[in-house]
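Undergrad: I'd like to ask you about the structure that follows.
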2 protein chains.
Amino acid sequence: VNTIIVELTKELAAIVGRPNLIVDREALMPFETDYTRRWHGEALLAVAPSSTDDVARVLSVCQAAGVGVVVQGGNTGLVGGAVPADEVVLLTRRLDVLEPIDSLASQVTVGAGVTLEAAQRHVRADGLDLPVDLAARSAATIGGMTATNAGGALAVRYGTMAAAVAGMEVVLGDGKIVSRLSGLLKDTAGYDLARLLVGSEGTLGVITRVRLRLIRHPTQRLVAVAGFGSLVDAARAALTLRDRLGPSLEAADYVDAAGVRLVRDRRRLPPPLAVESGHLLVIQVAGEDVESLLPVVSETLDAAGVTAVSVADDTSGRERLWTYREAVNESIGAQGLVHKFDASIPLGAIPEFAAETHEAVALVDPAATVVIYGHLADGNLHVNVLSPDLDHYRVEQALGQLVAQHNGSISAEHGIGIAKRDLLTLVRSDDDIAAMRAVKAALDPEGLLGRHRVLREE
Amino acid sequence: VNTIIVELTKELAAIVGRPNLIVDREALMPFETDYTRRWHGEALLAVAPSSTDDVARVLSVCQAAGVGVVVQGGNTGLVGGAVPADEVVLLTRRLDVLEPIDSLASQVTVGAGVTLEAAQRHVRADGLDLPVDLAARSAATIGGMTATNAGGALAVRYGTMAAAVAGMEVVLGDGKIVSRLSGLLKDTAGYDLARLLVGSEGTLGVITRVRLRLIRHPTQRLVAVAGFGSLVDAARAALTLRDRLGPSLEAADYVDAAGVRLVRDRRRLPPPLAVESGHLLVIQVAGEDVESLLPVVSETLDAAGVTAVSVADDTSGRERLWTYREAVNESIGAQGLVHKFDASIPLGAIPEFAAETHEAVALVDPAATVVIYGHLADGNLHVNVLSPDLDHYRVEQALGQLVAQHNGSISAEHGIGIAKRDLLTLVRSDDDIAAMRAVKAALDPEGLLGRHRVLREE
């Protein structure tokens, strides 16, 4: 291995320059463990190319050496997709271009390594905004979000990254460069390869540039936190608001009582509502005149049996209310080991699924605490199992089975990575998986890109 | 060939029943020529399976016999994609199931052979609507529209079929069945094979069922036809309306003076406006209270230099106004041979492209008449060249070059089919095309599905 690394170092340094290569074991550590601390592996080295052509050259060198490559953006993934396993880590951070905004098309092209926050700052200067937002915005990159088809709270209104991506440039596993950055609203000239890369989790190609659709930053935004006595009531409120507010509803997120407790402890916050409520709904309404929508909101919340509401229409008030939802992940992380399960559930089955989740986990591990939060109007629940003696395998089997019974998916927005590779058969047929393998072999014939991820090697 | 047909007939009859097989030469004729009459070819026979499993069996028989298969829905395509070339025609018309509407998810699953009109009727009974609409609705099928990523007038508001498809069932070229019909709003469990099939024009698999996203049928709809002295003015009006009306603008279509003249002659209609206008913009506004939007509309039209406007908010009035746009294709078809070129152009370059189109065609064929219409706010222009002595090759080369010069696409919504196969290199790199070939080979390794279409055989 050492000879390979020495040789690789020489060849890669010739492409990116020695300062953009990391070989020191200690310096490599931040790239070898993910946020959950569940996933860990060793990197041969890390390399940070700064252009699409250099990415192609890096891949070609690695291929010639027969070493695997894993792409890493902000390392905010939760399924082990970006953690190396004796592979070269291709860092996207130098792919950081922020091109000028195309205001006629309402689009912008940015480098894959640009963080969500940097992209937001860039476009908000022009009164525009990105249609996707999520709590990890300071570290998560546009490339990583595209590769995982990230969702976040605004997906109920604008869709996931799949809807936000108007084009991309990518180096496929075999070194071919596919560049589709014209951002045309309609373009059916052959297969939509750019779209195929969305959600492919770095296993088909390395995304180097992304062209994003932008939205007009809403004139007014209002956030309300509403308490409910049951998830049934909270879900009814969320879906009715979706129907009645239409495009004015930007988010309808959920946190259970255990999640709120963890956030309050960690951030030392007062209760979000005057009345203790077991189930919290966080909604965001946007438009030219949000006040005119308040009657519909309060009517709907009342009809669903709301126990208390808190509303904010100024920036700091909105952020304060969102904290009860956005800080859950971080607060859970501070607790120690956790099993994270990102589930997509048909809308009608959400309350039943949540109740059965508690029962199923109690059977596997009676000492565990379950925290559920997520994007209610999308059917997207993040199940978190905290336990002093966590058995990942048994928990994930139990939850995977439950999801499949309800015709849900084992991944809504976190992806498959390594974590859920073996659960894929619960929601995809053998034919389906065989077809995915064929696509993988077509675009990455050597199989050196993101190997072991999404699809188990045969 | 005859022995093959006799043998195929026997084997296919065993699958679908003899009445669902067409072998008679005269009976085959409707399936051998398309709407434009430019594309024509012979069918070995036509077969109409009624289930996904039967489609898989039909493909398997054809594969064993080594004969090519072309899928045909309503035969309303314009690029020769569904016309046979000594192939078996797989008719989707018996894939006609209309499943009950899932009102919680606002989705419905229908058979690929269901016409757009039948699907619209089905969902409108529940106060819902499809997010895609087009003039060929009585014949165009949901399967065909999905396979070609059809757009239509509403795409400015709801996107193309790519955005409307929530899932599908498909038999891949190699007989594998991929079924993704759960309609989850978020589902990132492996590659999005369903989405890859959208726009693949029947070359990767046979779409058998499609799950569609539905919209709430708007309470009120208003149509306005506005006249302008130049395309520059009309385009400015369309884009400003898009920005100012946001989700309330459902359509912003365009017809030039030549197009209006053809419609008026064919349908014996009065002029659409009191003042003769060279450039017609047809807009549709929808919402709960469209009257409140009228000031914005008239302000914007005035600022863009409108010459005359006609407005209708009742069903028959709206249809009457839409006729000036929707009957253009049919009126052109009645003129005889025509070269149809569906172009996607960056929004800022539309007027220039249109002007240069007239010049380029005049150089190639001074006797030709050019008719331009399309979806202005999407950058989607349908260029039609009518001439007594049409040279398709020279016209398409000229228009293809022009599109490429403006960083547009040679297909916005009609697809590549046979018509534009040789123009693909104008807008896709060699690497890109090679990657498409690899995907094709992965999912249809025998290469018997829709061969010669989209990608020229090597």
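Undergrad: Taking 0.36 nm per intervening residue step and subtracting the Cα-Cα distance, what contour gain separates A:M29 from A:D314 on full extension? Spell out each step's value before the answer.
TA: On the way: separation 285, 0.36 × 285 = 102.60 nm, distance 4.05 nm.
Extra length available between A:M29 and A:D314 comes to 98.5 nm.
Undergrad: Find the accessible area per residue for chain B; the probe is 1.4 Å, ligands and nucleic acids are left out, and the unit is Å².
TA: On the way: 16720 Å² over 458 residues.
Value for chain B: 37 Å² per residue.
Undergrad: Test of understanding: express the Cα radius of gyration of the range B:222-341 as a ratio to 2.2 N^0.38 Å, with N the residue count.
TA: Numbers: Rg = 14.2 Å, N = 120, 2.2 N^0.38 = 13.6 Å.
Relative to the 2.2 N^0.38 Å estimate, the range B:222-341 comes out at 1.05.
Undergrad: Another question, then. Give me the one-decimal nm value for the distance between modelled label points at A:E117 and B:I4, 7 Å along each residue's Cα-to-Cβ direction.
TA: 6.4
Undergrad: Let me ask something else. Between copies, how far apart are the B:L98 label points? List them in nm, one decimal, shortest first, with each point 7 Å from Cα toward Cβ, please?
TA: 5.2
Undergrad: Something else about it: Taking the alpha-carbon centroid of each part, what is the distance from the range A:199-266 to the range A:90-143 in angstrom?
TA: Centre-to-centre (Cα) distance: 20 Å.
Undergrad: To continue, here is another question. Taking every pair of alpha-carbon atoms in the range A:327-458, give the share separated by more than 20 Å as a whole percent. Write out the running numbers ahead of the final one.
TA: Values: 4188 of 8646 pairs.
The calculated P(r) of the range A:327-458 puts 48 percent of pairs beyond 20 Å.
Undergrad: Can you check what the Kirkwood hydrodynamic radius comes to for the range A:299-391, Cα pairs only, in Å to one decimal? Can you show the working numbers first?
TA: Details: mean 1/r = 0.0658 Å⁻¹.
After inverting the mean inverse Cα-Cα distance, the result is 15.2 Å.
Undergrad: May I ask for the Kirkwood hydrodynamic radius of the range A:115-248, worked out over all distinct Cα pairs and given in angstroms to one decimal?
TA: Numbers: mean 1/r = 0.0605 Å⁻¹.
Every distinct Cα pair counted, the radius reaches 16.5 Å.
Undergrad: Which is the longest run of chain A containing none of the trypsin sites (Lys or Arg not before Pro) found in DSSP loop states (not H, G, I, E, B) with at most 15 other C-beta atoms within 10 Å?
TA: Values: sites that count: A:R37, A:R268, A:R456.
After excluding every exposed loop site, the longest remaining stretch is A:38-267.
Undergrad: Shifting gears a bit: Can you compute the charge dipole magnitude of chain A about its Cα centre, using +1 on each Lys and Arg Cβ and -1 on each Asp and Glu Cβ, nothing else charged? Give it in debye, rounded to the nearest 20. Can you show the working numbers first?
TA: Details: 42 positive and 58 negative charges, 124 e Å.
With Lys and Arg at +1 and Asp and Glu at -1, about 600 debye.
Undergrad: Assuming 0.36 nm per residue, please report the length gained on full extension of the stretch B:T219 to B:D422 beyond their Cα-Cα distance.
TA: Numbers: separation 203, 0.36 × 203 = 73.08 nm, distance 4.57 nm.
Result: 68.5 nm gained on full extension.
Undergrad: Between the range A:366-380 and the range A:23-78, how far is it from one alpha carbon centroid to the other, in angstrom?
TA: With the range A:366-380 and the range A:23-78 each reduced to a Cα centre, they are spaced 32 Å.
Undergrad: Contour minus end-to-end for A:S60 and A:E276, with contour as 0.36 nm per residue of separation and end-to-end as the Cα-Cα distance?
TA: Here the answer is 71.9 nm.
Undergrad: Same structure, new question: Which value, in Å² and to the nearest 10, is the accessible area of B:D265 when all protein chains are kept and the probe is 1.4 Å?
TA: Spelled out: B:D265, probe radius 1.4 Å, area about 110 Å².
Undergrad: Set the Förster distance to 30 Å, then compute FRET efficiency between B:R124 and B:L269 from the Cβ-Cβ distance, nearest 0.05. Mind dumping the intermediate values first?
TA: On the way: r = 27 Å, r/R0 = 0.90.
Efficiency at R0 = 30 Å is approximately 0.65.
Undergrad: Need one number: nm distance between label points at B:D289 and A:V97, each 7 Å from Cα along Cα→Cβ, rounded to one decimal.
TA: About 4.7 nm, to one decimal.
Undergrad: Can you give the % of DSSP beta bridges in chain A that are antiparallel, to the nearest 5? Write down the numbers at each step before the final one.
TA: On the way: 63 of 72 bridges.
Counting only bridges with both partners in chain A, antiparallel ones make up about 90 percent.
Undergrad: How about A:K176: which lysines have a C-alpha closer than 19 Å to its C-alpha, ignoring those fewer than 8 places off in the same chain?
TA: Here the lysines satisfying the reach criterion relative to A:K176 are A:K440, B:K440.
Undergrad: Hey, any idea what Rg/Rh is for the range B:213-280, computing Rh the Kirkwood way over Cα pairs? Intermediate results must be reported in sequence, preceding the final value.
TA: Values: Rg = 14.2 Å, Rh = 13.7 Å.
Rg/Rh: 1.04.
Undergrad: Where Lys and Arg each count +1 and Asp and Glu each count -1, what net charge lies around B:R264 among other residues with Cβ under 14 Å from its Cβ?
TA: Details: positive: B:R261, B:R266, B:R267, B:R268, B:R320, B:R325; negative: B:D256, B:D265, B:E276, B:E326, B:E330.
Net of charged neighbours comes to +1.
Undergrad: Okay, moving on. For A:Q63, what is the net charge nearby, where nearby means another residue's Cβ is under 10 Å from its Cβ and Lys, Arg count +1, Asp, Glu -1? Show your work: numbers first, answer last.
TA: Values: positive: none; negative: A:D174, A:D444, A:E446.
Residues near A:Q63 contribute -3 overall.
Undergrad: Name the residue farthest towards the positive end of the dipole of chain B from the options B:A140, B:A163, B:L337, assuming +1 on Cβ of Lys and Arg, -1 on Cβ of Asp and Glu, about the Cα centre.
TA: In chain B, that residue is B:A140.
Undergrad: Per residue of B:401-413, how many C-beta atoms from partner chains lie within 10 Å of its own C-beta, taken as a mean?
TA: Details: counts 0, 0, 1, 0, 0, 1, 4, 4, 8, 4, 5, 6, 3.
What the average comes to for B:401-413 is 3.
Undergrad: Considering only protein heavy atoms and a 1.4 Å probe, what is the carbon-and-sulfur percentage of the accessible area of the range B:211-361? Kindly include the intermediate steps, with their values, before the conclusion.
TA: Values: 2960 of 6120 Å².
Carbon-and-sulfur percentage of accessible area, whole number: 48.
Undergrad: Quick check on the range A:1-108: take the gyration tensor over C-alpha atoms, sort the square-rooted eigenvalues as a ≥ b ≥ c, and tell me if it's rounded (a/c under 1.5), prolate or oblate. All intermediate terms of the calculation are to be shown ahead of the outcome.
TA: Numbers: a/c = 2.29, a/b = 1.33, b/c = 1.72.
The shape class here is oblate.
Undergrad: Right, here's the next one. What does the copy distance list look like for B:A27, label position 7 Å along Cα→Cβ, in nm and ordered from shortest?
TA: Those separations, rounded to one decimal, come out as 7.6 nm.
Undergrad: Taking the label point 7 Å from Cα in the Cβ direction, how far apart in nm is A:S429 from each other copy of itself, listed shortest first?
TA: When each copy's label point is compared with this one, the spacings are 3.7 nm.
Undergrad: For the pairing of chain B with chain A, what total accessible surface becomes buried, with a 1.4 angstrom probe, in square angstrom to the nearest 100? Intermediate results must be reported in sequence, preceding the final value.
TA: Details: alone 19330 and 19320 Å², together 33440 Å².
Summing both sides, the interface buries roughly 5200 Å².
Undergrad: Give me the angle, in degrees from 0 to 90, between the Cα long axis of helix A:257-267 and the longest principal axis of the Cα atoms of chain A, rounded to the nearest 10.
TA: For A:257-267 against chain A, the angle is about 70 degrees.
Undergrad: Rounded to whole Å and sorted largest first, list the principal axis extents of the Cα atoms in chain A.
TA: 66, 55, 44
Undergrad: Next question, about the same structure. Can you pull the one-decimal nm distance between simple spin-label points at A:E299 and B:A334, each 7 Å off the Cα toward Cβ?
TA: The answer from the label model is 4.9 nm.
Undergrad: Normalized C-alpha radius of gyration of the range B:62-158, against 2.2 N^0.38 Å? Provide the component values of the computation, followed by the final result.
TA: Working: Rg = 14.9 Å, N = 97, 2.2 N^0.38 = 12.5 Å.
With N residues counted in the range B:62-158, Rg over 2.2 N^0.38 Å equals 1.19.
Undergrad: To continue, here is another question. Which of the listed residues, B:G450, B:L181, B:L269, is farthest toward the dipole's positive end in chain B, when Lys, Arg count +1 and Asp, Glu count -1 at the beta-carbon?
TA: So the residue we want is B:L181.
Undergrad: Still on this model: What residues does the range B:148-179 have that are buried by at least 50 Å² of accessible area in the full protein assembly compared to the chain on its own, 1.4 angstrom probe?
TA: B:K176
Undergrad: Provide Rg over Rh for the protein assembly as shown; use the alpha carbon set for both Rg and the Kirkwood Rh (inverse mean inverse pair distance). Before the final figure, lay out each step's value.
TA: Details: Rg = 27.7 Å, Rh = 28.7 Å.
For the protein assembly as shown, the value is 0.97.
Undergrad: Also, I was wondering about something else. Once both axes come from the Cα atoms, what is the angle between helix B:2-16 and the longest principal axis of chain B, in degrees from 0 to 90, rounded to 10?
TA: It is inclined by approximately 80 degrees.
Undergrad: If we count every other residue with Cβ under 13 angstrom of B:E359's Cβ, Lys/Arg +1 and Asp/Glu -1, where does the sum land? Display every interim value, and only then the final one.
TA: Working: positive: none; negative: B:E352, B:E356, B:D365.
In short, -3.
Undergrad: Taking each residue in B:426-437, count the Cβ atoms of any other chain within 10 Å of its Cβ, then average. What number comes out? Show your work: numbers first, answer last.
TA: Details: counts 1, 6, 7, 5, 1, 9, 12, 4, 4, 14, 7, 3.
Neighbouring Cβ atoms belonging to other protein chains average 6 per residue here.
Undergrad: With only Lys, Arg, Asp and Glu charged, each at its Cβ (+1 for the first two, -1 for the last two), find how big the charge dipole of the protein assembly as shown is about the Cα centre; round to the nearest 20 debye. Please report the intermediate quantities before stating the final value.
TA: Working: 84 positive and 116 negative charges, 14 e Å.
Value, rounded to 20: 60 debye.
The values are calculated or read from the model by the stated rules, or taken from the named source; none is laboratory data. Not measured: the values here are computed from a predicted model. Counting neighbours? That spans all protein chains shown, and the Cβs are built from the backbone with ideal geometry, glycine included. Surface areas here come from the heavy atoms of the whole protein model, side chains and all, with no ligands, DNA or RNA. Shrake-Rupley method; radii C 1.70, N 1.55, O 1.52, S 1.80 Å.
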